[in-house]
Amino acid sequence: MKVVIDVGAGRGLSSIPFARSKCYVILVDVSESALYLARELYKEMGLCRFIDLVLADAFHLPFRGKSVDLALSLGVA
């Protein structure tokens, strides 16, 4: 299974196609409320088993190098 990390994920809208393709998606955001909304959205779509939520700063990610197959970040300033 491919692992995708979405940094600054917000509600995780950009990663829905990856989860639908059965990739394991890690949604990272500094906003606890955004991650809560993401979890509810993915739950409604039946995709919760394909996601993990991480509360973290984009500049201090708690992951080892080369631990994901694809990283994306849309609109993070």
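Worth a mention:
- Only residues that are small (Gly, Ala, Ser) and closer than 16 Å to Gly10 by Cβ were counted in the range 61-77, giving 4.
- One residue from Val25, Val30, Val3 being of a type in the set (Val, Ile, Thr), under 11 Å from the mean Cα position of the chain (by Cα), farther than 12 Å from Ser73 by Cβ and surrounded by fewer than 19 Cβ atoms within 10 Å (Cβ to Cβ): Val3
- Scan of the range 33-52 for residues that are acidic (Asp, Glu) and either within 16 Å of Leu72 (Cα to Cα) or within 9 Å of the chain's Cα centre (by Cα) (or both), ordered by number: Asp52
- Selection from the range 22-42 of residues that are farther than 19 Å from Val3 by Cα and of a type outside the set (Phe, Trp, Tyr): Val30, Ser31, Glu32, Ser33, Ala34, Leu37, Glu40, Leu41
- Output for the range 1-34, where each listed residue is in a loop (DSSP other than H, G, I, E, B), among the polar types (S, T, N, Q) and over 16 Å from Leu55 (Cα atoms): Ser21
- Filtered residue count, the range 25-47, keeping only those that are touching a residue at least 40 places away in the same chain (Cβ under 8 Å) and over 11 Å from Ala9 (Cβ atoms): 0
- Criterion violated by Ser15 - all others in (1) over 9 Å from the mean Cα position of the chain (by Cα); (2) surrounded by 13 or more Cβ atoms within 10 Å (Cβ to Cβ); (3) polar (S, T, N, Q) satisfied: (1)
- Against the numbered list (1) in a loop (DSSP other than H, G, I, E, B); (2) surrounded by 14 or more Cβ atoms within 10 Å (Cβ to Cβ), Asp57 comes up short only at (2).
- Matching residues, the range 48-60, being within 16 Å of Gly8 (Cβ to Cβ) and without any contact (Cβ under 8 Å) to a residue 12 or more places away in the chain: Phe59, His60
- The set of residues in the range 1-18 that are closer than 20 Å to Phe63 by Cα, in contact (Cβ under 8 Å) with a residue 24 or more places away in the chain and not hydroxyl-bearing (Ser, Thr, Tyr) comprises Lys2, Val3, Val4, Ile5, Asp6, Val7, Gly8, Ala9, Gly10, Gly12, Phe18.
- Of the residues making up the range 14-40, those that are hydrophobic (A, V, I, L, M, F, W, C), over 15 Å from Leu70 (Cβ atoms) and in contact with a Leu (Cβ under 8 Å, 6 or more places away or on another chain) are Val30, Leu35, Ala38.
Bear in mind that the values in this text are calculations on the coordinates, not laboratory data. This one's a predicted model, so the numbers in the text were calculated from it and none came from an experiment. Glycine also receives a Cβ, built like all others from the backbone with ideal geometry; neighbour counts cover every protein chain displayed.
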